[in-house]
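**Q** Have a look at the structure that comes next, please.
The values are calculated or read from the model by the stated rules, or taken from the named source; none is laboratory data. These numbers were taken from a predicted model, which means no experiment stands behind them. Don't worry about glycine lacking a Cβ; one is built from the backbone with ideal geometry, like all the others, and counts go over all protein chains shown. When the accessible area is computed, the model is the full protein with side chains, heavy atoms only, and any ligands, DNA or RNA have been set aside. Shrake-Rupley method; radii C 1.70, N 1.55, O 1.52, S 1.80 Å.
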Number of protein chains: 2
Amino acid sequence: MTVAAQRAILESDYVIGNTTYLDQIKPLLPGKKVITSSMGEEIARARHALELTSDGNTVSIISGGDAGVYGMAGIVLEIAEKESADVDSDAIPQIHVIPGVTAANATASILGSPITGDSAAISLSDLLTPWDDIERRIAGAAASDFVIILYNPKSRNRNTNFARCIEIVRRYKSGSVPVGLVKNAYRDGERAVVTTLERVLDYDDFVDMHTTAIIGNSESRTWGDRIITPRGYHRKYDY
Amino acid sequence: MTVAAQRAILESDYVIGNTTYLDQIKPLLPGKKVITSSMGEEIARARHALELTSDGNTVSIISGGDAGVYGMAGIVLEIAEKESADVDSDAIPQIHVIPGVTAANATASILGSPITGDSAAISLSDLLTPWDDIERRIAGAAASDFVIILYNPKSRNRNTNFARCIEIVRRYKSGSVPVGLVKNAYRDGERAVVTTLERVLDYDDFVDMHTTAIIGNSESRTWGDRIITPRGYHRKYDY
C-alpha cells in the first residue's frame, strides 16, 4: 500500500469496500464509518459513495491492487459521468484516483523480474467482456512475443478459461517458456510456482481466482525459482 | 511510494541510485551511505550493489516507478545469476524485489481510468530492443484492441519513435480514440493532455522522456478532461 493511499483513508469520513479488502486495512479503520459491500455490487457501491459525497463527506472506495486496473475507478467515473448530465457542474464531486501496486507488479516481484520488458495484461473473466475478444487479445499478445500477465485466470463458474488460454498461447510460444503462478500475493497463504508453458496445466488445480499468472517472452529464462526476462543489456554490453 | 519501500530504505546501510530518484527520497537518506550513479551505468551499479552485500551490508537500489518494469530488478538478477556460477550458493546475496507504482498506473490515475481493461505496455526506446520487435508489438497490440501504454516515447537521440508509433497505431485504431499524455507524473512540473489519436501529433513537442502516453481501446471515451475505458458493466447491467 502506498503512503498516499493510507493518508487518503485516514482523511476520509466513510470507507466503502468488500470484506476481503476492508480486512486488510483494519488498522486504518477506527473512527471511520465503514460500509461493507459485496462482489457483484460494484455499481450500487459506486452510486452510494457518490451520494455520500453530496452531503460534504469524504469517501474512500477501496480496491485491491490498483483501483484503475480491473478495479473500482472506472465504474465510479462512469456513474459520476452519467449522474452529472442532470446537475450543475459544481455539484459533481471531486474524484481522485490514487494509484496502487497492481497484481502484475506484486506477482512479478515475487517471481523475480519477469516483466522487465514489454507486457500485456489480460483478464480471463468473461463476465463483462465477450470471450471472443479475450481470445483475440491472447492470440495477439502471444504472436507479438509480449510477456503475458493473466488476471482472473479462473473463477467459480469459469473453470476452463485458463486451460483454453494456455492452449492458444501454445500455438505461438515455445513449450519451454517460463510461467510463474502466484496465489495470494503479499497476503496470508502466499504461494508461488515456477514452471513452463508445456507443464503449467499440471498446476491447473493450483490456479484459482486469487492467482495471477505470468507467461514469459521468447527471451525469458529461469534462475533457480525465479524468472528473469532480460531488458536487453546483453545486446549492447558484455557482462 | 509504498510503505514497504520506505521501510526497506530505512533498514539499508547503502542506498544506490541516480540523482533524479535520490532527490525524490531525500528525507529517507540521513545516516545512509549514498552512492550516486548515472543513467547508462546500470550494469556497474548492479555489480557494485552486489559487491557491497558480500561484506554483510544491506543495500537498496532505487528505481523510479516499479523496479520490475523497465527498471533495475532485471539487471541486478542477471548480474547475480552470472556471478553465482562461480560461488557457493550460500554466498549468493538475498535479493528482494519490492513492487512499486509503475508509470502506467501513475499516469492512468491522473487521466481518470483509461486502463480499466486489458492493456499492453511498450517501451519505444530502441537502445536495448531492436526497433523491428517494437514495431511488431505496436501493431499486434493495436490490432487486438488493447489499451496501449507507451513508456520512453522519446529520448534525446530518438526523436521520431513516437510519431512512427502513432502512424502504426493509426492503421488499426480509429482517429477518434482518446489519447492521454502525462509528463512528470506526481513530480514537480506535472502536466497532462487529453486528445485523440488523430490530433496527438499536434503535441509531439510536449512529449519527452519524462512523458508516458496512454492510447485507449475502441470503447474508451472522454469525460471532460478524463479518459474512461469502461470495464464492461454496460454489457450486463442497466445503469
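**Q** Somewhere in region A:27-44, is a residue at pLDDT 95 or above, within 12 Å of chain B (Cβ to nearest Cβ) and within 16 Å of A:ARG187 (Cβ to Cβ)?
**A** For region A:27-44, residues at pLDDT 95 or above, within 12 Å of chain B (Cβ to nearest Cβ) and within 16 Å of A:ARG187 (Cβ to Cβ): present.
**Q** Still on this structure, I have one more. How many residues, within region A:120-164, are in contact with a Gly (Cβ under 8 Å, 6 or more places away or on another chain), in a loop (DSSP other than H, G, I, E, B) and of a type in the set (S, T, N, Q)?
**A** 2
**Q** Another question, if that's okay. Give region A:71-110 a look and list any residue that's under 30 Å from B:LEU77 (Cα atoms) and among the hydroxyl-bearing types (Ser, Thr, Tyr), or say none.
**A** Scanning region A:71-110 gives A:THR102, A:THR107, A:SER109.
Quick grid of which residues meet (1) surrounded by 24 or more Cβ atoms within 10 Å (Cβ to Cβ); (2) in contact with a strand residue (DSSP E or B) (Cβ under 6 Å, 6 or more places away or on another chain); (3) of a type outside the set (Phe, Trp, Tyr); (4) at the interface with chain A (Cβ under 7 Å from one of its Cβ atoms):
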site	(1), (2), (3), (4)
B:VAL69	yes, no, yes, yes
B:GLY74	yes, yes, yes, yes
B:ALA91	no, no, yes, no
B:PRO99	yes, no, yes, yes
B:THR116	yes, no, yes, yes
B:ARG137	yes, yes, yes, yes
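**Q** Then there is this: Counting just the residues of region B:205-229 that are open to solvent by 10 Å² or more (accessible area, probe 1.4 Å) and in contact with a helix residue (DSSP H, G or I) (Cβ under 6 Å, 6 or more places away or on another chain), which one comes out farthest from A:GLY40 (Cα to Cα)?
**A** B:THR212
**Q** Being within 24 Å of the chain's Cα centre (by Cα) and open to solvent by 30 Å² or more (accessible area, probe 1.4 Å) is the filter here; which residues of region A:164-179 pass it?
**A** A:ARG164, A:GLU167, A:ARG170
**Q** Residue by residue through region B:1-15, note down the ones that are in contact with a Ser or Thr (Cβ under 8 Å, 6 or more places away or on another chain) and outside any loop (DSSP other than H, G, I, E, B).
**A** If the condition is that a residue be in contact with a Ser or Thr (Cβ under 8 Å, 6 or more places away or on another chain) and outside any loop (DSSP other than H, G, I, E, B), then B:THR2, B:VAL3, B:ALA8, B:ILE9, B:TYR14, B:VAL15 are the ones that fit.
**Q** Something else: Only one of B:ILE79, B:ILE110, B:ILE61 is open to solvent by less than 20 Å² (accessible area, probe 1.4 Å) and of a type in the set (A, V, I, L, M). Can you tell me which?
**A** Testing whether each residue is open to solvent by less than 20 Å² (accessible area, probe 1.4 Å) and of a type in the set (A, V, I, L, M) leaves just B:ILE79.
**Q** Among the residues of region A:42-49, is any out of contact with any helix residue (DSSP H, G or I) (no Cβ under 6 Å at 6 or more places or on another chain), under 30 Å from B:TRP131 (Cα atoms) and surrounded by fewer than 24 Cβ atoms within 10 Å (Cβ to Cβ)?
**A** Checked against the condition, which is being out of contact with any helix residue (DSSP H, G or I) (no Cβ under 6 Å at 6 or more places or on another chain), under 30 Å from B:TRP131 (Cα atoms) and surrounded by fewer than 24 Cβ atoms within 10 Å (Cβ to Cβ), region A:42-49 yields no hits at all.
**Q** If you don't mind, there's one more thing I want to ask. When the residues of region A:215-239 are narrowed to those that are out of contact with any Leu (no Cβ under 6 Å at 6 or more places or on another chain) and part of a strand (DSSP E or B), which ends up nearest to the other protein chains (Cβ to nearest Cβ)?
**A** My answer is A:TRP223.
**Q** Give region B:191-204 a look and list any residue that's open to solvent by less than 80 Å² (accessible area, probe 1.4 Å) and either closer than 16 Å to B:ALA103 by Cβ or of a type in the set (D, E, K, R) (or both), or say none.
**A** B:ALA192, B:VAL193, B:ASP204
**Q** Report, by residue number, each residue of region A:16-53 that is part of a strand (DSSP E or B), touching a residue at least 24 places away in the same chain (Cβ under 8 Å) and over 21 Å from the mean Cα position of the chain (by Cα).
**A** Within region A:16-53, none qualify.
**Q** Oh, and also: Kindly establish whether A:VAL177 is within 20 Å of A:ALA104 (Cβ to Cβ), touching a strand residue (DSSP E or B) at 6+ places or on another chain (Cβ under 7 Å) and more than 14 Å from chain B (Cβ to nearest Cβ).
**A** Yes, satisfied.
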